[in-house]
Amino acid sequence: MSGTAVGAGVSLFIVSLVSNLLMLAGPLFMLQIYDRVLSSRSEPTLLAFVLLIIAVYAFYAFIEALRSRMSLRLANLFDHTVGEKLFQASVRLRLATGQAATLDPVRDGDTLRNFLASPGPLSLLDMPWVPIYLAVVFVIHPYLGWLATGGAIVITAMMLINELALRKPSKDSSQAIGARQRQTDDARANAETILAMGMLGDVGRRWTERTRTMLFQQRISSDRATFFSSLTKATRLLLQSLVLGLGAWVVIHGDMTGGLMIAASVVTSRALAPIEQTIAQWRQFVSARQAYGRIKKYLTVSADKSRETRLPLPKALLSVRQLMAGPPGATTPIISGIQFELVAGDGMGVLGLSGSGKSSLARTLCGVWTPMSGEIRLDGALLQHYDPVQIGKIVGYLPQRADLFEGTVAENISRFAADAPSEDIIAAAQLANVHELVSSLPNGYDTPVGVNGDSLSAGQRQRVGLARALYGNPFLVVLDEPNANLDAEGDAALTDAIRAVRQRGGIVIVVAHRPSAVLAVDKLLFMKNGRQVVFGPKPEVLKQITGDNVQPMRVPGT
């Protein structure tokens with residue numbers, strides 16, 4: 001936790017201390033009214049006490065408002081401190097397998113932030129005052145103190161039972177909410193497929209089933225929380241009345257005044273109020289605690305580790321040795337036995353049947369997947385030894401699905417870099433031969449591309465994605481099926497772009513099915529069942545793979 005957060009927490013505790021001290025003003029006021037004003041019948045004394053209590057409660061109102069504002073700002077400070085890290089973890093977990101892929105760090109952060117801004121933490125800050133208030137009741141009379149303490153023990157026991165009763169329902173409710181949200185996101189992302197094939201009704205029914213499950217889990221959690229909250233409130237009110245009754249008995253025997261009796265009842269109520277409020281907020285507290293536990297894991301496991309020493313950017317060599325890799329969280333590799341070496345100016349095509357591991361290799365070479373074993377070196381340095389900020393300057397990547405982000409064409413090409421030079425953006429677009437296309441858009445480079453780039457055609461998105469991969473002249477450019485949505489003109493532009501990267505001393509790796517994608521490369525790597533079969537000069541590899549369940553490729557000049 002940062003020093004700023006600790007300081008804010010300490011300040012909030014001090015303000016809570018003042019708030020709880022002010023709460024004793026009410027019982028003291030009642031004590032003075034019953035035991036001094038009524039017995040003396042002094043109007044000036046009454047007026048003085050009334051003016052004093054007005055001033056005290058006005059100050060109390062200010063303190064409570066200040067406490068709420070500080071709680072909200074502490075929640076915002078939490079978001080400012082870890083919000084971006086949780087977003088980064090959320091992006092990384094999208095690539096994971098198994099249960100990790102279902103986690104949502106951003107939603108967990110929202111859950112914890114909302115709890116910090118709620119009355120829940122304030123009631124927890126009031127909890128240390130419970131024994132102090134009980135001690136005050138003991139001072140008034142031991143009998144009343146023991147009765148109030150017994151009531152506090154009963155209500156505390158209810159709180160513990162409430163914790164056990166809500167733990168599993170709260171967890172199940174959180175999982176149901178996440179499952180429903182994921183299905184909603186999937187449906188929105190695949191809206192074209194759903195509508196084109198008449199799947200809306202069936203998908204809607206699955207969504208409704210998930211909703212029913214979510215509502216069922218929420219109902220269980222809410223019913224149990226409401227039951228314990230109502231029981232606690234009734235117990236507190238009963239105890240307050242019992243203290244009043246016992247106090248009356250003590251007054252009858254002449255051991256206490258009427259004012260002390262009323263004060264004891266009010267202090268008892270105040271002593272138990274934090275426990276009651278905590279139980280009322282317990283469901284949110286359990287959800288926040290579970291979210292906090294996951295957040296600690298996200299920040300420990302998923303955090304990018306910056307390097308104090310920045311390595312020089314590579315310029316000469318890419319070396320891959322006995323590479324084995326799979327998606328984050330997987331225990332079984334998808335690719336293995338990968339070994340090759342490329343020098344500046346080389347271009348390599350990666351061929352193989354569907355499911356042979358070509359895209360998996362591309363993801364690993366870009367650092368999207370971390371090698372399980374083996375190594376990827378750039379100019380002799382391991383890829384993971386480069387600072388994460390440097391990776392964007394080293395690698396240009398065009399995935400199979402060239403989705404763009406909501407923003408302008410220029411922002412997408414520049415990878416949303418702050419203060420990106422216009423000349424670099426235009427240079428990347430020209431290299432991808434998309435400058436004229438962009439210039440024809442309504443606002444040119446400042447044209448919004450829409451959500452996922454929906455304002456552009458598939459071919460236009462792919463060409464803008466290519467410009468994004470080429471932006472900044474990265475040393476290693478990895479293109480996964482870069483011509484899947486391109487026409488003849490786009491194919492020609494792709495070939496020219498690959499040659500341009502090689503001519504400036506970069507390395508290009510192209511995952512391909514279509515022969516036109518490897519026209520401008522000089523080496524090929526053929527994969528089968530996740531393993532490298534052959535690597536070498538393009539003409540030699542083409543001869544070797546002919547007849548190996550792969551159609552011969554006729555490439556001009558070979």
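Working note: Cα atoms of the range 317-545, range along each principal axis, descending, whole Å: 49, 38, 31. What would the Debye equation give as log₁₀ I(q)/I(0) for the chain at q = 0.09 Å⁻¹, counting only Cα atoms as equal point scatterers? After summing over all Cα pairs, the log10 values are -0.83.
Packing-based ranking of 130-141, 150-161 yields 130-141, 150-161, ordered from highest to lowest mean Cβ neighbour count within 10 Å.
Projecting the Cα atoms of Val320, Gly7, Gln217 onto the dipole axis of the chain, where Lys and Arg carry +1 and Asp and Glu carry -1 at the beta carbon, places Gln217 farthest toward the positive end. Principal axis analysis of the Cα atoms in the range 206-259 yields extents of 72, 13, 8 Å, listed in decreasing size.
Note that the range 412-522, at 10 °C in a medium of 1.306 mPa s, gets a Stokes-Einstein diffusion coefficient of 112 µm²/s from its Kirkwood radius over C-alpha pairs. Cross-link reach is defined here as a Cα-Cα straight distance under 18 Å, omitting same-chain residues fewer than 8 places apart; for Lys543 the lysines meeting it are Lys523, Lys528. Once backbone amide H atoms are built at 1.01 Å from N, Ile335 has Ala325 as its partners under 5 Å, excluding neighbours fewer than 5 places away on the same chain.
Ranked by how many other Cβ atoms sit within 10 Å of their own Cβ, fewest first, the residues Ser19, Ser68 fall in the order Ser68, Ser19. Taken over the range 3-301, the percentage of Cα pairs per 5 Å bin, counting from 0 up to the bin with the maximum distance, is 1, 5, 9, 11, 12, 13, 12, 9, 7, 6, 5, 4, 3, 2, 1, 1, 0, 0. Think of the range 390-543 as having a plus end and a minus end, set by charges on the Cβ of Lys, Arg, Asp and Glu; of Asn443, Asn483, Ala418, Asn483 sits farthest toward the positive end of this dipole.
Bear in mind that the values in this text are calculations on the coordinates, not laboratory data. Source: prediction; values computed, not measured. Here the Cβ is made from the backbone with ideal geometry for all residues, glycine too, and neighbour counts use every protein chain on show.
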